[in-house]
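Trainee: Below: one structure in C-alpha cells.
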2 protein chains.
Amino acid sequence: MSTSQTKNVSIDTIKEFMYQVLLKVGSDEENARMVRDTLIAADLRGMDTHGIQRFKTVYIDRIKKGMINPTAKPSIIRETSTTCVLDGNNGFGHVNGTIGMKMAIEKAKKYGMGMVVVRNSTHFGIAGYYSLLAAQEGCIGICGTNARSSVAATFGDEPILGTNPLAIGIPSDEAFPYCFDGATSISPTGRFEKYVRMGKTVDKSWASMKGGKPIEDPKELLENYPKGKAYLHPLGGSDEVSGSHKGYCLSEFVEIMSSCLSIANFLNHIEEEKEKSGKFSLGHFFIAINVECFRDLNEFKKNVGDINRTFRNTDKLPGHDRIYTAGEKEYETEQKRRKFGDDLPLVTINEMKELSSFYNVPLPF
Amino acid sequence: MSTSQTKNVSIDTIKEFMYQVLLKVGSDEENARMVRDTLIAADLRGMDTHGIQRFKTVYIDRIKKGMINPTAKPSIIRETSTTCVLDGNNGFGHVNGTIGMKMAIEKAKKYGMGMVVVRNSTHFGIAGYYSLLAAQEGCIGICGTNARSSVAATFGDEPILGTNPLAIGIPSDEAFPYCFDGATSISPTGRFEKYVRMGKTVDKSWASMKGGKPIEDPKELLENYPKGKAYLHPLGGSDEVSGSHKGYCLSEFVEIMSSCLSIANFLNHIEEEKEKSGKFSLGHFFIAINVECFRDLNEFKKNVGDINRTFRNTDKLPGHDRIYTAGEKEYETEQKRRKFGDDLPLVTINEMKELSSFYNVPLPF
C-alpha cells in the first residue's frame, strides 16, 4: 500500500493507547491488560483484522451500547479437578479467554489435562493467543469459539455456522511454537473487510450469494450475510469432491465444544439473542494437555522441531522456494513489527484520533 | 456395479469368517474379537477399504511376514490419573486402539478427562470406531493416527505426511452419534484403490505427480507415492488461497499427537523403519472427555441433536434436497447392510476363498 493510504505506528504506541482508552471506558487495570495483550498479539502476528483495526467498532462502541461489561470477571458454575464451566457474565471475551485457558493450564499442571468452557461471553480476538499461553507453559493448547452465522453447511444455501476458529499451540525447540489458528471456513469474514479496504476482489471459491452465485466483490458478502442472503464456504469448499463435508463437520465440532458443554447460544440463536437483548452470549472452550505427563518436555520439543525441519527440507513445488510451518509467518511478522511498527490504514488512524479526543488520551503521532 | 463384478455376502458371514481366520493365524480370542469388531464396523459403515477388503493383504499377509504380532497386548510405559503411554508391542492396531480408548474413557469417567497415546503400533482400521466407543459411553472421543508418507506439505513436491485421519465422536439424542472420521488430506489413498477397481478417473485436485502435474489415473498415485514420485494434497488443496495450509497444519497436529508424546516413528521414518526392520512403529492418540462433568448428559445430547436438526432444516442449494450431518450417511449404510449384506468385489471374494482353503475355515457361500 502507498504511504498515503497508511500510517506507520509503533507497536508500543498502539499498545499503550489501547490500554489507556480501556481504562477510560470503565475497565479495571487487570481486564485492560488482558484485553490489550490479546489485541496487540493480533497486530504483532499480522492478524490485522483482530487488533487495533477492530478496537473502536467491535469493543469500545459495544461497551458504550451496553453489549460488553468492561469490569466483569468470569464466575465458576461447576468445577472438577480437570474441568470447569465458567459464566463470562457478558464481559470481555479476552478476559474470559485468558482466565479460562490459565485455569485449564493450572489443571493440566496438577492433573495432566484441563478443560474450561465459557458461556455468556463476547468476541475474544485471535484464538491463537490462548493456545500459545498453553504452549509457553509446556502444554498442548487447543481452543475455539463459536460466532454469528456466516458459513453454510455442505449443500446448504444460507449462513448457519460461524467461522468457528480452531487454534492449537504446541511447544517446540524452535524460536516459535507450532501454532495453528484458523477459521473452519476457507476464509474468515475479516479478510473480506481487508479486501474492501484494498479495493480487491476475492477468490470465487470463498463465498456465494443465496442461490449459489459465487461472490467476487467482498462487499457483497459483508452486506448480505447478516441478512441471510450470502454465506462463506467451509474449508474444503462447497462440494464433497473437494472435502466440503470435512470443513463443515470440523466447524460443527467447534460449535458443539463451544456451546453445548457450557450452555452458550448456538448457530443462529447467537444473532437472535443479540437482536433481542443486545448480548451475544458466545461460547468458548480451552483445553490444556501437560506434555511432561507423557515425556520429557525438552525431548518432545526437539521432536516437534524435527518435524518442522523435515517439512522445510522437503522438495519444493516449481515456483516455490520455501515451505512454512504452523506459526512461522506470524512469528516473522512479529519480529518485523516489533522493530518497524505497523502500517495502519487511515480509517484506523482516524478512529484512534476520535477515541483520543473523546477520552482525552494522548496519541503520540 | 453389475452382479458379475460383485457378490453379496451377509455381514454376519463376513464377521464370523474374519474371526475364525484370526484364530487360525494365531490370535487369541480377545484380540480376534477386537480386530473383527473394528473391521466389521468399517464394512457396516460403508468405509469399504478398511474392512474385509484389506483383511488378507494388510493384516493376514503381514502377520505371516512377522510384521504384526497377533497375540501382543499393549503394555503401560508411563501413567498418571488422566494420561497413559502404551507400547503397542507391534500388535494389532485395533487391539491397541480399543484398549487405548477404553483406558481413556475409564480415566474420563473417574477424573473428567483421559488421554492415551500408543507407540510401536500397526494399522488400526477406521479411526471413527474408537471415537464412537467414547460417544457410546457419554464421552466426547477424539483420536487419530499417523501413517506412511503420502501427502505433501503446502508448496511441497514430495509425500511427507501420512493421510493422518482425525476422528471425533459426540453423543447425541438422534439414532446415531455425531461422528467425523476423515483423512486430513482431501482424499484417502483407499479411495484411489476403489477407483482403480471401478475403472474410474479421480478428481484432479486430489493428487499430483512430482513436478505438479495433476493426477487423473488413480494407478499413477498408487504406483508412485511409495517411491516419493507422487503425492496427495492436504484438505484445502495445493494453494493457500483454497486453504491448503489449514489441512497441512491439521495433519501436522495429528502427526505430533500420534508420535511426539508416545515416541513413535514420524513422517518418512515410518517407511524407513518398515524397510529396515519390517515394523511400522506407528503412533496413535485417544482422548475422552466426560460430558457429565460439564452438564447433564441428556440435555447435552438434545443440544447436539438440535444443532443437527437445524442444519437439516436450512435452505438447500439448488440441485440438492438434503443436508447430511456428521455420521449420518455411515449410519444409513449400516442400517442397509445389516439387512441386505455387502456387495463385495470379486477380488475380495477370491481372497476369502484362498484364506478359507489355506486355513480350513468354512465359507458359507
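The values are calculated or read from the model by the stated rules, or taken from the named source; none is laboratory data. Please read these numbers as outputs of a predicted model, since none were measured by experiment. Cβ sites come from the backbone with ideal geometry, for glycine too, and all protein chains shown count toward neighbours. These accessible areas exclude ligands, DNA and RNA; they are computed on the full protein's heavy atoms, side chains included. Shrake-Rupley method; radii C 1.70, N 1.55, O 1.52, S 1.80 Å.
Trainee: Among the trypsin sites (Lys or Arg not before Pro) within the range A:307-365, which fall in a DSSP loop and have no more than 13 other Cβ atoms within 10 Å of their own Cβ?
Mentor: Passing both the DSSP loop test and the Cβ count: A:Arg322.
Trainee: Tell me what the protein assembly as shown gives for mean residue ellipticity at 222 nm when only DSSP H runs of n ≥ 4 count, each as -39,500 (n - 2.57), the sum divided by the residue total, rounded to 500 deg cm²/dmol.
Mentor: Values: 24 runs with 296 residues, N = 730.
Value at 222 nm, helices only, nearest 500: -12500 deg cm²/dmol.
Trainee: Another question, if that's okay. Hey, what did chain A get for relative contact order, percent, Cα under 8 Å, at least 6 apart?
Mentor: Normalised by residue count, the contact order of chain A is 22 percent.
Trainee: Now a separate question. Among A:Ser75, A:Ser259, A:Ser150, whose mean-square fluctuation peaks in a Gaussian network model of chain A (Cα, cutoff 10 Å)?
Mentor: Its mean-square fluctuation being the largest, the pick is A:Ser75.
Trainee: Moving on. Between A:Phe340 and B:Arg78, what's the calculated FRET efficiency when r is the beta-carbon distance and R0 is 35 Å? Round to 0.05.
Mentor: So the FRET efficiency works out to roughly 0.15.
Trainee: Next question, about the same structure. Report, in whole Å, the centroid distance computed from the Cα atoms of the range B:274-307 and the range A:236-257.
Mentor: Centre-to-centre (Cα) distance: 18 Å.
Trainee: Now for a separate question. If the cut-off is 18 Å between C-alpha atoms, which lysines fall inside it for B:Lys102, apart from same-chain ones fewer than 8 positions away?
Mentor: Reachable lysines: B:Lys73, B:Lys110.
Trainee: If you take each beta carbon of peptide B:160-172 and count the beta carbons of other chains within 10 angstrom, what is the mean? Display every interim value, and only then the final one.
Mentor: Working: counts 7, 4, 0, 0, 0, 0, 4, 0, 6, 0, 5, 1, 2.
What the average comes to for B:160-172 is 2.
Trainee: If one takes the accessible area of chain B alone plus chain A alone and subtracts that of the pair, with a 1.4 Å probe, what total in Å², rounded to the nearest 100, results?
Mentor: Chains B and A together bury roughly 7500 Å² of accessible area.
Trainee: Another question, then. Determine which aspartates and glutamates satisfy two conditions relative to A:Lys276: a Cα distance under 20 Å, and not lying fewer than 8 residues away in the same chain.
Mentor: Excluding near neighbours in sequence, the set is A:Asp61, A:Asp87.
Trainee: Let me ask something else. How much area per residue is accessible in the protein assembly as shown when the probe is 1.4 Å and only protein heavy atoms are counted (Å²)?
Mentor: 36
Trainee: Further question on the same structure: Counting partner chain Cβ atoms within 10 Å of every residue's Cβ in B:77-84, what's the average?
Mentor: Whole-number average of other-chain Cβ neighbours for B:77-84 is 6.
Trainee: Moving on to the next point. Just how far, in whole angstrom, is the range A:147-226 from the range B:212-226 if you go by their alpha carbon centroids?
Mentor: The distance from the Cα centre of the range B:212-226 to that of the range A:147-226 comes to 31 Å.
Trainee: Another question, if that's okay. Looking only at A:Thr154, A:Thr82, A:Thr310, which one moves most when chain A is put into a Gaussian network model with springs between Cα atoms under 10 Å?
Mentor: Result for chain A, Cα springs under 10 Å: A:Thr310 fluctuates most.
Trainee: Here is a follow-up. Once you average over the residues of A:312-322, how many Cβ atoms of partner chains fall within 10 Å of each Cβ?
Mentor: Working: counts 2, 2, 14, 8, 6, 13, 3, 2, 5, 1, 1.
Counting Cβ atoms of other protein chains within 10 Å of each residue's Cβ and averaging gives 5.
Trainee: Beyond a 29 Å Cα-Cα separation, which of these cross-linked pairs lie in this structure: B:Lys204/B:Lys301; A:Lys229/A:Lys353; B:Lys229/B:Lys279; B:Lys204/B:Lys246; B:Lys15/B:Lys64?
Mentor: Correct reply: B:Lys204/B:Lys301; A:Lys229/A:Lys353.
Trainee: Moving to a separate point now. What list of whole percents do you get for P(r) of the range B:115-209, with Cα-Cα distances grouped in 5 Å bins up to the one holding the largest distance?
Mentor: P(r) for the range B:115-209, in whole percents per bin: 3, 12, 18, 19, 17, 15, 10, 6, 1, 0.
Trainee: Select from A:Ile263, A:Gly169, A:Ala153 the residue farthest towards the positive end of the dipole of the range A:137-271; place +1 on Cβ of Lys and Arg, -1 on Cβ of Asp and Glu, and compute about the Cα centre.
Mentor: The listed residue farthest towards the positive side: A:Ala153.
Trainee: Please report, in whole Å, how far the alpha carbons of the protein assembly as shown spread along each principal axis, starting with the longest.
Mentor: Computed over the Cα atoms, the extents are 89, 49, 48 Å.
Trainee: Something else now. Sequence gap at least 6, Cα distance under 8 Å: using those rules, report the relative contact order of the range A:74-186 to the nearest whole percent.
Mentor: Result for the range A:74-186 is 20 percent.
Trainee: Can you give the accessible area of A:Met34 in Å² (nearest 10), computed on protein heavy atoms with a 1.4 Å probe?
Mentor: Near enough 20 Å² of accessible area.
Trainee: Same structure, new question: Using unit Cβ charges (K, R positive; D, E negative) and no other charged atoms, how large, in debye to the nearest 20, is the dipole of chain A about its Cα centre? Before the final figure, lay out the partial values.
Mentor: Details: 46 positive and 46 negative charges, 114 e Å.
Rounded to the nearest 20 debye, it is 540 debye.
Trainee: Using Cα positions and a limit of under 16 Å, work out the aspartates and glutamates in reach of A:Lys339, with same-chain residues fewer than 8 apart set aside.
Mentor: By straight Cα distance, A:Lys339 reaches A:Asp12, A:Asp43, A:Glu330.
Trainee: Here's something else I'd like to know. Please list, by residue number, every one of the trypsin sites (Lys or Arg not before Pro) in the range B:62-95 that is coil in DSSP and has at most 11 other beta-carbon atoms within 10 Å. Write down the numbers at each step before the final one.
Mentor: Numbers: sites: B:Arg62, B:Lys64, B:Lys65, B:Arg78; in loops: B:Lys65.
The qualifying sites are B:Lys65.
Trainee: Which of A:Ile215, A:Gly228, A:Ser238 sits farthest toward the positive end of the charge dipole of the range A:210-257, with +1 on the Cβ of Lys and Arg and -1 on the Cβ of Asp and Glu?
Mentor: A:Gly228
Trainee: Of all accessible surface on chain B at a 1.4 Å probe, what whole percent is carbon and sulfur?
Mentor: Its accessible area is 48 percent carbon and sulfur atoms.
Trainee: Would you please name the GluC sites (Glu not before Pro) within the range A:226-261 that are DSSP coil residues with at most 15 other C-beta atoms within 10 Å of their C-beta?
Mentor: Sparse-neighbourhood loop GluC sites (Glu not before Pro): none present.
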